[in-house]
Amino acid sequence: MILIVFKYLTPKWVRGITIFPFIVLSYKQDLENVVLINHEKIHIRQQIELLVLPFFLWYGIEYLIRLFQFRNWKAAYLNISFEREAYQNENNLHYLKQRSFWSFFRYITF
């Protein structure tokens with residue numbers, strides 16, 4: 001994992017984005033935000049499990065499905081299985097130590 005602070009690599013509404021092996025943060029003060037870093041580390045693990053490129057394909061397809069389902073970009077984003085897992089576990093700083101392989105499957109809803 002390599003942490004980078006560069007606000008021009010992230011959209012305005014995003015504080016952090018993960019593209020294996022990089023976590024790009026918008027603001028320097030977020031280097032101390034353990035919850036945000038943990039959220040992004042969960043995405044790193046998800047990307048490793050799916051060998052990176054399939055992760056982004058799945059993420060994009062699921063986003064489009066959720067967008068059709070909810071007709072709202074934010075609701076679509078928050079209901080992507082990868083985001084559901086990351087948001088629900090971002091406060092548990094030990095989550096990655098106890099997380100089983102492909103745990104994001106548990107967060108897929110229909």
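Every number here is computed from the coordinates shown, using simple stated rules; none is lab data. All figures in this text were calculated on a predicted structure; none of them were measured in a lab. Every residue, glycine as well, gets a Cβ built from its backbone with ideal geometry; the counts of neighbours run over all protein chains shown.
Please figure out what share of the DSSP beta bridges in the chain is antiparallel and state it in percent, rounded to the nearest 5.
If I count the DSSP bridges inside the chain, around 50 percent turn out antiparallel.
Pairs of lysines 8 or more apart, or on different chains, with alpha carbons under 24 Å: count those in the chain, would you?
Lysine pairs meeting the criterion: 9.
Restricting to DSSP H runs of at least four residues, report the calculated mean residue ellipticity at 222 nm for the chain, -39500 (n - 2.57) per run over all residues, nearest 500 deg cm²/dmol.
Dividing the helical sum by the residues of the chain leaves -14500 deg cm²/dmol.
Between HIS94 and GLU49, what is the label-to-label distance in nm when each label sits 7 Å out along the Cα-to-Cβ direction?
Once both label points are built, they end up 2.0 nm from each other.
For the stretch 2-107, calculate the relative contact order in percent as a whole number, restricting contacts to Cα pairs under 8 Å that are 6 or more residues apart. Present the calculation step by step, with values, prior to reporting the outcome.
On the way: 119 pairs, mean separation 22.7, N = 106.
Contact order relative to length: 21 percent.
Report the paramagnetic label zone for PHE105: residues of the stretch 53-79 whose backbone N is under 16 Å from a point 7 Å from Cα along the Cα-to-Cβ axis.
Once the point is set 7 Å along Cα→Cβ of PHE105, 55 turn out to lie under 16 Å by backbone N, inside the stretch 53-79.
Determine the gain in length on full extension of the stretch GLU32-ILE19; use 0.36 nm per residue of separation and subtract their C-alpha separation, reporting nm with one decimal.
2.7 nm
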